[in-house]
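The values are calculated or read from the model by the stated rules, or taken from the named source; none is laboratory data. Predicted model, so just to flag it, every value in this text is computed and none were measured. Note that we place each Cβ from the backbone using ideal geometry, even for glycine, and neighbour counts take in every protein chain shown.
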Amino acid sequence: MKIPKHIGIIPDGNRRWAKKNGLEKHEGYKNGINQGLCAFRECQKLGVEELTFYGFTADNTKRPSIQTTSFTKACIDAVELIKKEDAQIYVAGNSLSKMFPDELKEYTKRKFFGKRGIKVNFLINYSWEWDLNIKEENKRIINTIDISRVDLIIRWGGMRRLSGFLPIQSVYSDFYVVDEFWPDYKNEHIYEAIKWYNKQDITLGG
């Protein structure tokens, strides 16, 4: 079985999961933290070289403050969990904004933990405008130059859109949708996505 080198994860459906389970919307985020660790470990076991989690976008910060506080804390907690593993952690997003958590600013340069191992990227307070809005010596470059091309993007929650996920790196990505909400994550979702990926005609335009 061919394993994608780089998998992108869009962990959607937290608020809908909370509503379905009789909770307030903001309570859904904390119920998806350990799932990220499970996904990381499965991808590591499979030999995936790089993994990118979509934390929250700049647009997400327009939500009620009780929700922004909750998903920001969930992202901080997720990074704290992964740093206990063998990983190379990088957090990408507009760190100059007040919505970017101070606790994650040290990760805007890649940091190494344990035996290094898999690269793990978190998109925090991310927007494509921020990513593409850099000019150097009259050349247009991107802020996320340290993130490689994404082979497979998996989105939980049933929605069929990228929501601005790494527009340059995802230009040739295959896109797989899981109908279950992110807090209902199962390792089988990763395996089903990779099985589907193996059936695709991957030519990268050639």
So which residues in region 1-26 are surrounded by 19 or more Cβ atoms within 10 Å (Cβ to Cβ), of a type in the set (D, E, K, R) and farther than 30 Å from Gly47 by Cα, if there are any at all? Arg15
Against the condition under 18 Å from the mean Cα position of the chain (by Cα), closer than 14 Å to Val120 by Cα, among the small types (Gly, Ala, Ser) and buried (at least 17 other Cβ atoms within 10 Å of the Cβ), how does Ala92 come out, does it pass? yes
Hits in region 151-202 (condition: under 24 Å from Asn94 (Cβ atoms), surrounded by fewer than 18 Cβ atoms within 10 Å (Cβ to Cβ) and not small (Gly, Ala, Ser)): Met159, Arg161, Leu162, Pro167, Ile168, Val171
Considering only residues of region 117-142 that are in a loop (DSSP other than H, G, I, E, B) and over 16 Å from the mean Cα position of the chain (by Cα), which is modelled with the lowest pLDDT? Glu137
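Out of Tyr176, Tyr185, report the one residue that is over 25 Å from Asn125 (Cβ atoms) and either at pLDDT 95 or above or in contact with a Lys or Arg (Cβ under 6 Å, 6 or more places away or on another chain) (or both). Steps first, please.
Numbers: Tyr185 fails: over 25 Å from Asn125 (Cβ atoms).
Criteria check complete, one pass: Tyr176.
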Determine, yes or no, whether Ser95 is of a type in the set (Gly, Ala, Ser) and in contact with a Lys or Arg (Cβ under 7 Å, 6 or more places away or on another chain). yes
State which residue is farthest from Arg149 (Cα to Cα) when the search covers only region 27-69 and only residues that are in contact (Cβ under 8 Å) with a residue 60 or more places away in the chain, among the charged types (D, E, K, R) and buried (at least 16 other Cβ atoms within 10 Å of the Cβ). Glu42
For Gly205, indicate whether it is modelled with pLDDT under 95, surrounded by fewer than 12 Cβ atoms within 10 Å (Cβ to Cβ) and of a type outside the set (S, T, N, Q). yes
Among the residues of region 163-186, how many are closer than 19 Å to Gly36 by Cβ and under 16 Å from the mean Cα position of the chain (by Cα)? 10
